[in-house]
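Trainee: Structure provided below as structure tokens; questions to follow.
The values are calculated or read from the model by the stated rules, or taken from the named source; none is laboratory data. In this text, all values refer to a predicted model and were calculated from it rather than measured experimentally. With ideal geometry, Cβ positions are generated from the backbone for all residues, glycine too; neighbour counts draw on all protein chains shown.
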Amino acid sequence: MSVADARILPGARRAIERYGWQDATLERIATEAGISRMTLHRRGVTRDGILTALAASVEEQYRSALWPALTAPGDARARLEQALDALCGVVEENLALVAALGERPRNAIFHEDEGVGQGTALTRRTFTEPVERLLRDGAADGSLRPVDDPTETATVLFNLISWTYRHLRRSHGWSPERTRRNVLSIALDGIAS
């Protein structure tokens, strides 16, 4: 399957934003991409394949958005605030897509395989490792309180920010500024030293 055509993924994003994932049919995706449904069929493009490619795109956006916070000067609390603000930015740019990726069975992008269904699963390291590093740095420089399990706390912070931000924006209609301010304040106050 090839989603290499530069029109397919943007078209899929538009279809998901307009119709939601459940109603973003290949026909609608093709229409939004400006190509025929038959073109998608001939290339072996599937909805699951498109969603996988879009998920990889979100993952890359996340890594790129958080990198500056990892390399910035300053204490870890300030850098964690920068990182979590960047996470809000990625969610904002992908509100409908993150909602689609968060529904079962498509939510595997966010979860480690180990522990699923046993109450011990964590968010994939790709998403939590930058936050975990900043938590450890903060414990070392005194700007964040030490936590018993930085890996687990990073999972909580990633989920607290991304899902709460998405919910308040989509379901409550809050502005991006209001949502960021409130979500970041509670998250950062919870771990500040």
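Trainee: Condition first: within 21 Å of residue 91 (Cβ to Cβ) and part of a helix (DSSP H, G or I). Now tell me which residues in the range 1-44 satisfy that.
Mentor: 9, 10, 12, 13, 14, 15, 16, 17, 18, 19
Trainee: Restrict the check to the range 138-155 and report whether at least one residue is more than 19 Å from residue 69 (Cα to Cα) and either assigned to a helix (DSSP H, G or I) or within 18 Å of the chain's Cα centre (by Cα) (or both).
Mentor: Yes.
Trainee: From the residues in the range 24-70 that are at pLDDT 90 or above and within 15 Å of residue 101 (Cα to Cα), which one is surrounded by the most Cβ atoms within 10 Å (Cβ to Cβ)?
Mentor: Among residues in the range 24-70 that are at pLDDT 90 or above and within 15 Å of residue 101 (Cα to Cα), the one surrounded by the most Cβ atoms within 10 Å (Cβ to Cβ) is 62.
Trainee: Select from the range 156-193 the residues that are in a helix (DSSP H, G or I) and of a type in the set (Val, Ile, Thr) and write down the one among them that is surrounded by the most Cβ atoms within 10 Å (Cβ to Cβ).
Mentor: 183
Trainee: With the structure loaded, tell me whether residue 89 is outside any helix (DSSP H, G or I) and assigned by TED's automatic domain parsing to the domain that holds residue 127 or whether it fails that test.
Mentor: When the stated conditions are applied, residue 89 does not pass them.
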